[in-house]
Structure formats: structure tokens, C-alpha cells
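The structure under discussion appears below in the form of C-alpha cells.
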Amino acid sequence: MTNELVWDRPEPPSRPSPTPLSRELIVRAAITLADGGGLDEVSLRKVAAALNAGPMRLYGYIETKDELLDLMVDEVYGEITPPDPSADWRTGLRHIAHEIRDAAKRHEWLIDLLGGRPNRGPNSLAFMESTLGTVGFESIDDVMSAVAAVMAYVYGAVRNEITEIRAERSTGLTEEQWQRASGPYIERMLATGRYPTLARFIYEGGHPDPAQRFDSGLTYVLDGIATRHSPASKPGG
């Protein structure tokens, strides 16, 4: 195994074969497997079988499963369109947040690989460049803090949404059906009077759909950032 990143290593020379291979074909096959059954379906053996190739042939293109996962994430980052260069920071960050949510809805496994150390692939670097570039604050530390706050919200909100989708799939119950099944118990607990705020939420709350809930929470985050970076918040403003 080398210490080079997978993006720095050239692919093996192409040669005549009834089953052509390339990193692109390998990554696409892996994404198809993950989209169909989650990350547990992704292994070098299963990817090789999907491509009708021997597993050992894949090692000329990737060395580990972690490299394959990095390539998969970078491929999905390539699906994310950057904001309009003329967009203000709020519009740009809102666009990016919804693009990540949409990508994770198409590829549920993506949320399991986001967070932590950033991906270093070319598409991921382009994503980071456009994201940082859309926030025109004077201090780069302020830019990083604003982007980090938005990403923390997006990852958490999308992870919760995907978790609910998975729960519905595994139990066969929608969120509404699950709540209805729990109704008698919850009503008994609320009748004790020990949970007045929770009772207001259940009986009076608007209960928006996931997209509305996501956008509402995002607005709170953006509003919070704006309080620190509006003209009135600066010395002498």
C-alpha cells in the first residue's frame, strides 16, 4: 500500500479485456449498490461481481474500501451545483444547504459519511471553495464559523430526516402511524400535567412537512449569523 492519495495515483494502463475497468466504472457500481442497500452492500467483492470482474483486478485502481468510500463521496459532491456567483451570502448558503439535503435524499448513505475530516477529492475541494467563497465576510475565521454552523445544522437535520425514512422502511409504519400507535400512552402521560410545553407542541404545533421543517430551522441559523454580520452589528454601524 502506498501513502499517495488515490487521486494522485494513475490508473493502470488500459488493456484489451472483455470486462473493461476504470475508477469511474468502479465508483458508479459502488454507488448503485449503496443506493440499493446501504453501505453494507459495498465491498470490493460485490463491486467486482457487479462489474463481472475478479476482485483482484480492482486493487489496481483502489487499495482499500476506505478509498472507495472517499471516491463515492467525491462523486456525489460533483452532483452539487454551486450557488450563483452573484448571490448574497444568505442566498448562497441556503442554496448549498438544500443541495446537500437533495443529494442525501438521492443517496441515503451519504449522510453516514459526512462530518469529521473533510473529503480531499477534487469535487469536494471545489465544493468547499464555492461554499467559502459565497460568504463575503472580511475575516476568514468568521467565514469558517458561519459555514461550520450551517453545515452542523444541515448534517444534523438531514441525518434525522434520513433516520426517520429508514425507520419507516424497517417498521412499515409512517411517522403519523407510529405516533397514532403511541397515542394512548402519550395522552395518559400528558394528562398528568407534568409536560405542559410538550402538550402544547403536540396539540397546537403546526407539524410542518420535512422540507418546511428543514427550511425553517435553516432560517434560524442564518438569522443568527446575520445578527453578527449585519451593518448594525459592527462597531460604529
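Is the shape of segment 111-220 rounded, prolate or oblate, going by the alpha carbon gyration tensor and its root eigenvalues a ≥ b ≥ c, with a/c under 1.5 for rounded and a/b larger than b/c for prolate? Prolate shape, in that a/c is at least 1.5 and a/b is the bigger ratio. Projecting the Cα atoms of P208, A152, T192 onto the dipole axis of the chain, where Lys and Arg carry +1 and Asp and Glu carry -1 at the beta carbon, places T192 farthest toward the positive end. Remark: the Cα gyration tensor places the chain in the oblate category, a/c being 1.5 or greater and a/b not exceeding b/c. Its DSSP H runs of at least 4 residues, each contributing -39,500 (n - 2.57), put the calculated 222 nm mean residue ellipticity of the chain at -20000 deg cm²/dmol, to the nearest 500. About its Cα centre, segment 77-228 has a charge dipole of approximately 520 debye under the convention of +1 per Lys or Arg Cβ and -1 per Asp or Glu Cβ, with nothing else charged.
The residues of segment 27-99 expose on average 47 square angstrom of accessible surface per residue, using a 1.4 Å probe on protein heavy atoms. For segment 77-228, with all protein chains present and a 1.4 Å probe, just round the carbon and sulfur fraction of the accessible area to a whole percent. Carbon and sulfur: 56 percent of the exposed surface of segment 77-228. Shown for the chain are the DSSP H helices of 24 Å or more along their axis, judged by Cα atoms, with a mean Kyte-Doolittle hydropathy of at least 0.0: 140-171. Only Cα pairs under 8 Å and 6+ residues apart enter the sum, and on that basis the relative contact order of segment 133-237 stands at 33 percent.
For the chain, the relative contact order works out to 15 percent when only alpha carbon pairs closer than 8 Å and six or more residues apart are counted. In a reduced charge model with +1 at each Lys and Arg Cβ and -1 at each Asp and Glu Cβ, segment 23-62 shows a dipole moment near 200 debye about its Cα centre. For E168, the solvent-accessible surface computed with a 1.4 Å probe is close to 80 Å², ligands and nucleic acids excluded.
Put the Cα centre of segment 180-218 next to the Cα centre of segment 108-177 and the gap is 26 Å.
The values are calculated or read from the model by the stated rules, or taken from the named source; none is laboratory data. Keep in mind the model is a prediction, meaning the values are calculated, not measured. Note that each Cβ is placed from the backbone with ideal geometry, even for glycine, and that neighbours are counted across all protein chains shown. Surface accessibility is based on the protein's heavy atoms, side chains included, excluding ligands, DNA and RNA. Shrake-Rupley method; radii C 1.70, N 1.55, O 1.52, S 1.80 Å.
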